[in-house]
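**Q** Please see the structure below; I have some questions.
The values are calculated or read from the model by the stated rules, or taken from the named source; none is laboratory data. Not measured: the values here are computed from a predicted model. Positions of Cβ are backbone-derived with ideal geometry, glycine not excepted, and every protein chain shown enters the neighbour counts. Surface accessibility is based on the protein's heavy atoms, side chains included, excluding ligands, DNA and RNA. Shrake-Rupley method; radii C 1.70, N 1.55, O 1.52, S 1.80 Å.
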Amino acid sequence: MLDIKMIRENTAEVIKKLNTRGDDFSYLYDVVKKDEKRREIIQKIDQLKAKRNEISKKVGKYKREGKDVSDILASIEDQKTKITTLQETLEGLDTFIQQQLLRTPNIPHKAIPIGKDEDENIELKKVGNLPHFNFEPKAHWDLAKTLDILDFERAAKIAASRFVIYKGLGARLERALINFMIDLHVEKHGYEELLLPYIVNGASMTASGQFPKFKDDAFALQDKRDLYLNPTAEVPAINLFRDEILKAEDLPKHYAAFTTAFRQESGSAGRDTRGIIRLHQFNKVELIKFVKPEDSYEALEAMLADSEAVLKALNLPYRVIELCSGDIGFTMAKTYDIEVYLPSYETYREIGSISNAEDYQARRGNMRFKRDTDSKAEYIHTLNGSGLAVGRTVVAIMENYQLEDGSIVVPEVLRPYMKTDIIN
RNA sequence: GGAGGAAUACCCAAGUCUGGCUGAAGGGAUCGGUCUUGAAAACCGACAGGGCGUGUGAGCGUCGCGGGGGUUCGAAUCCCUCUUCCUCCGCCA
């Protein structure tokens, strides 16, 4: 959430910056106008309340002294309705302003490329060598069929389309990757491991930025407690310190969390219908950082390096993309995407995304820290990134490590976890 | 699922029956000081935090006793509702 005071003072500039996302944010002029009205009403209400408090005190005093209070009571007869009416107006304004702020995205960082969509993203670097096959490489779903390690038909029978069953060494590969990634981030990169709830409430979805705008993409539970299936570990993890004030020495906090993520993919009907690129349920290792404002961009670069380390260790070719203003996520000021090379697509596909939300999520979730016991609480900065999407890593390994006979070489670092060097 | 109990400032805890002098006693912790070669102890002093509004500022106003709502001139205190935690019973990986 953006700071209303900041919007108030720099309305035109804020709108101009937000517009680089490709939408029209001029409705903020109206929000500022409503905010002005709101402050006027608060002043009136506070004055009336001050008077009321004064009188009530007097009533108490008089009663104790046994004096008559009926005159005083008569004199404030209409105060109550005045306050009530003003308060109703205020509530309406508050709700309106809050709604508008909640659906307003973060301001893109000033240094990111301006562009309208993904075509204007910038490729920062390519790492690793593309595989050379002296045969026609197969897509992962074809490889999986021969190896009998993925079952889409029965998953659809049990659940629905866009679900999968991993079998045998396929299941083990997924599990091996989860363990490898977590171990790497915990042992080598200094993150603390978390196992989080797979169900989150509406307040958590709002704080992290999923709600209200992306409500359709969540699986809502039929439960009166306003619960949803976790769409990404970012949601439960970012909410760890919601409505808390941390001490300066508590920061930074670095967490690595494995979760299963659930998404409706309602806007992607018909896309990536084959294979395990896009499912309703998938596994992901997520990196989350809570840092002091002045440290967040350094932390972003470090997190990118930590994500890249996974691909480097697996020896998979990838590239890093800097997203342009029109393509960055709703809550984010700056985002890098990591894309892995997939032979069957003959192109790079997203396998991870590393972003700095600055204080946007902290403001939504009221997450702050104090530099000293008597200094003012400041909003922390939050970052999150993939470390990586596990299913898509399975795809990348299958396709890049395939042999002519359809068997798959297990990457060196996974062999201790896989207890085999080949899947066949 | 059933029956009870609880939630007060960093922590513990009084106040709630009987609404007003409680914008919240007391203790601990913490911070500052006295004493001491130094430390401990003892003693003295400080100690809601935060949101909102307003003001150049010191400040002032408002909200605030788990969250939300209500009654009242006035609510920590009365009423409704939600949440969380605890105890016992039942069921259960």
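**Q** Could you list, in sequence order, the residues of region A:37-53 that are within 7 Å of RNA strand B (Cβ to nearest atom) and among the acidic types (Asp, Glu)?
**A** A:ASP46
**Q** Can you tell me which residues in region A:206-224 are within 16 Å of RNA strand B (Cβ to nearest atom) and surrounded by 15 or more Cβ atoms within 10 Å (Cβ to Cβ)?
**A** Correct list: A:THR206, A:ALA207.
**Q** Yes or no: A:GLY115 under 30 Å from the mean Cα position of the chain (by Cα), over 30 Å from A:ILE15 (Cα atoms) and touching a residue at least 24 places away in the same chain (Cβ under 8 Å)?
**A** It is false that A:GLY115 is under 30 Å from the mean Cα position of the chain (by Cα), over 30 Å from A:ILE15 (Cα atoms) and touching a residue at least 24 places away in the same chain (Cβ under 8 Å).
**Q** Here's another thing I want to ask about it. Identify, from the list A:THR420, A:THR373, the residue that is surrounded by fewer than 15 Cβ atoms within 10 Å (Cβ to Cβ), more than 33 Å from the chain's Cα centre (by Cα) and either farther than 23 Å from A:ASP337 by Cα or at pLDDT below 95 (or both).
**A** Every option except A:THR420 fails the conditions.
**Q** What is the residue count in region A:126-164 for residues that are within 17 Å of A:TYR348 (Cα to Cα) and without any contact (Cβ under 8 Å) to a residue 40 or more places away in the chain?
**A** 1
**Q** Go through A:LEU304, A:LEU316 for me and flag whichever is farther than 24 Å from A:MET6 by Cα, of a type outside the set (Gly, Ala, Ser), in the same structural domain as A:GLU136 (by TED's automatic domain parsing) and in a loop (DSSP other than H, G, I, E, B).
**A** On inspection, the qualifying residue turns out to be A:LEU316.
**Q** Taking only region A:376-408 into account, find how many residues are open to solvent by less than 40 Å² (accessible area, probe 1.4 Å) and not polar (S, T, N, Q).
**A** Number satisfying all stated conditions: 18.
**Q** Answer yes or no as to whether A:ARG364 is open to solvent by 40 Å² or more (accessible area, probe 1.4 Å) and under 20 Å from the mean Cα position of the chain (by Cα).
**A** In short, no.
**Q** Still on this structure, please answer the following. Name, by its number, the condition in (1) within 30 Å of A:MET205 (Cα to Cα); (2) without any contact (Cβ under 8 Å) to a residue 24 or more places away in the chain; (3) within 11 Å of RNA strand B (Cβ to nearest atom) that does not hold for A:LEU73.
**A** (1)
**Q** Sticking with this one: For A:GLU123, indicate whether it is in a helix (DSSP H, G or I) and either among the basic types (Lys, Arg) or open to solvent by 70 Å² or more (accessible area, probe 1.4 Å) (or both).
**A** It is false that A:GLU123 is in a helix (DSSP H, G or I) and either among the basic types (Lys, Arg) or open to solvent by 70 Å² or more (accessible area, probe 1.4 Å) (or both).
**Q** With the requirement that a residue be more than 14 Å from RNA strand B (Cβ to nearest atom) and open to solvent by 50 Å² or more (accessible area, probe 1.4 Å), what does region A:225-249 give you?
**A** Of everything in region A:225-249, just one residue is more than 14 Å from RNA strand B (Cβ to nearest atom) and open to solvent by 50 Å² or more (accessible area, probe 1.4 Å), namely A:LEU240.
**Q** Right, here's the next one. Could you please let me know if A:LYS213 is out of contact with any His (no Cβ under 9 Å at 6 or more places or on another chain) and at pLDDT 90 or above?
**A** yes
**Q** Quick one: would you say A:LYS63 is assigned to a helix (DSSP H, G or I) and either within 12 Å of RNA strand B (Cβ to nearest atom) or not assigned by TED's automatic domain parsing to the domain that holds A:ARG368 (or both)?
**A** Considered against the rule, which asks whether it is assigned to a helix (DSSP H, G or I) and either within 12 Å of RNA strand B (Cβ to nearest atom) or not assigned by TED's automatic domain parsing to the domain that holds A:ARG368 (or both), A:LYS63 comes out as yes.
**Q** Another one. In region A:181-205, what residues are open to solvent by 20 Å² or more (accessible area, probe 1.4 Å), over 23 Å from A:ARG278 (Cβ atoms) and not aliphatic (A, V, I, L, M)?
**A** A:ASP183, A:GLU187, A:LYS188, A:HIS189, A:GLY190, A:GLU192, A:GLU193, A:PRO197, A:ASN201
**Q** I need a count of the residues in region A:326-378 that are assigned to a loop (DSSP other than H, G, I, E, B), away from RNA strand B (no atom under 13 Å from the Cβ) and within 24 Å of A:ILE4 (Cα to Cα).
**A** Qualifying residue count, region A:326-378: 7.
**Q** Here is a further query. Could you grab the pairs with beta carbons closer than 8 Å, sequence gap of 6+ or different chains, first residue in region A:37-57 and in a helix (DSSP H, G or I), second one more than 7 Å from RNA strand B (Cβ to nearest atom) and among the basic types (Lys, Arg)?
**A** A:LEU48/A:LYS82
**Q** Somewhere in region A:89-106, is a residue part of a loop (DSSP other than H, G, I, E, B), of a type outside the set (A, V, I, L, M, F, W, C) and open to solvent by 60 Å² or more (accessible area, probe 1.4 Å)?
**A** There is at least one residue in region A:89-106 that is part of a loop (DSSP other than H, G, I, E, B), of a type outside the set (A, V, I, L, M, F, W, C) and open to solvent by 60 Å² or more (accessible area, probe 1.4 Å).
**Q** Is it fair to say A:THR260 is in a strand (DSSP E or B), under 16 Å from the mean Cα position of the chain (by Cα), of a type in the set (Ser, Thr, Tyr) and crowded, with 19+ Cβ neighbours inside 10 Å?
**A** no
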